[in-house]
1. I'm trying to understand the selection: among the residues of segment 52-79, which are exposed (fewer than 12 other Cβ atoms within 10 Å of the Cβ), within 15 Å of residue 29 (Cα to Cα) and among the basic types (Lys, Arg)?
2. Residue under question is residue 51, and the condition is that it be over 18 Å from the mean Cα position of the chain (by Cα) and hydrophobic (A, V, I, L, M, F, W, C); does it hold?
3. For residue 21, which of the numbered conditions (1) within 17 Å of the chain's Cα centre (by Cα); (2) modelled with pLDDT under 90; (3) surrounded by 14 or more Cβ atoms within 10 Å (Cβ to Cβ); (4) closer than 25 Å to residue 106 by Cβ fails to hold?
4. Could you check, for segment 89-105, whether at least one of its residues is within 17 Å of residue 17 (Cα to Cα) and either assigned to a helix (DSSP H, G or I) or basic (Lys, Arg) (or both)?
Amino acid sequence: MELGEHDYQLFLKRIRTVVMGRTTYEWIANEPSPWAYSDQRVIVVTSSPILNPKGKLETRSDIDSLIAELRELDDGDVWMLGGGKLQMAFMERGALDEIEIYVISSLIGGGYPLFPATGFKASPTLLSAKSLGGGGVRLHYTFH
């Protein structure tokens, strides 16, 4: 799919720090493609060490401490890559400013929910909705 201004490589150029959970990291680490985050600081949230990491990364196990650490950064955008479980933990703590959801037009009749059922409720404000062609749509929301 041609994403134009939303191309992944263009997007990564504006990101300074990438945060992901262990499941997302393992999925990326098992892909044959090269590590895409060499120009970013990468933090994996996990309670166990990562032996032989695919790329340069740091680990954290305490989400509250990580949020405090990230709030102190002033060197560029922080992007949370992947899983709804970690994103939900940040949303529950009021620590997610924006979210972009990409809807790709494939009906598969099953799968995983976007976010785990925790009882958390939010009403983010839609900043934009953009058709990406091929039936894909980018939804951009803010929580502030």
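The values are calculated or read from the model by the stated rules, or taken from the named source; none is laboratory data. A quick note: this is a predicted structure, and the numbers were derived from the prediction, not measured. Neighbour counts run over all protein chains shown; Cβ positions are idealised from the backbone, glycine included.
1. Once the filter is applied, which keeps residues that are exposed (fewer than 12 other Cβ atoms within 10 Å of the Cβ), within 15 Å of residue 29 (Cα to Cα) and among the basic types (Lys, Arg), segment 52-79 yields only 56.
2. Against the criterion (over 18 Å from the mean Cα position of the chain (by Cα) and hydrophobic (A, V, I, L, M, F, W, C)), residue 51 qualifies.
3. Status for residue 21: all satisfied but (2).
4. Among the residues of segment 89-105, at least one is within 17 Å of residue 17 (Cα to Cα) and either assigned to a helix (DSSP H, G or I) or basic (Lys, Arg) (or both), which makes the answer yes.
Quick grid of which residues meet (1) of a type in the set (Val, Ile, Thr); (2) exposed (fewer than 12 other Cβ atoms within 10 Å of the Cβ); (3) modelled with pLDDT of 85 or more:
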{"position": "37", "(1), (2), (3)": "no, no, yes"}
{"position": "50", "(1), (2), (3)": "yes, no, yes"}
{"position": "81", "(1), (2), (3)": "no, no, yes"}
{"position": "84", "(1), (2), (3)": "no, no, yes"}
{"position": "92", "(1), (2), (3)": "no, no, yes"}
{"position": "95", "(1), (2), (3)": "no, no, yes"}
{"position": "105", "(1), (2), (3)": "no, yes, no"}
{"position": "130", "(1), (2), (3)": "no, no, yes"}
{"position": "134", "(1), (2), (3)": "no, yes, no"}
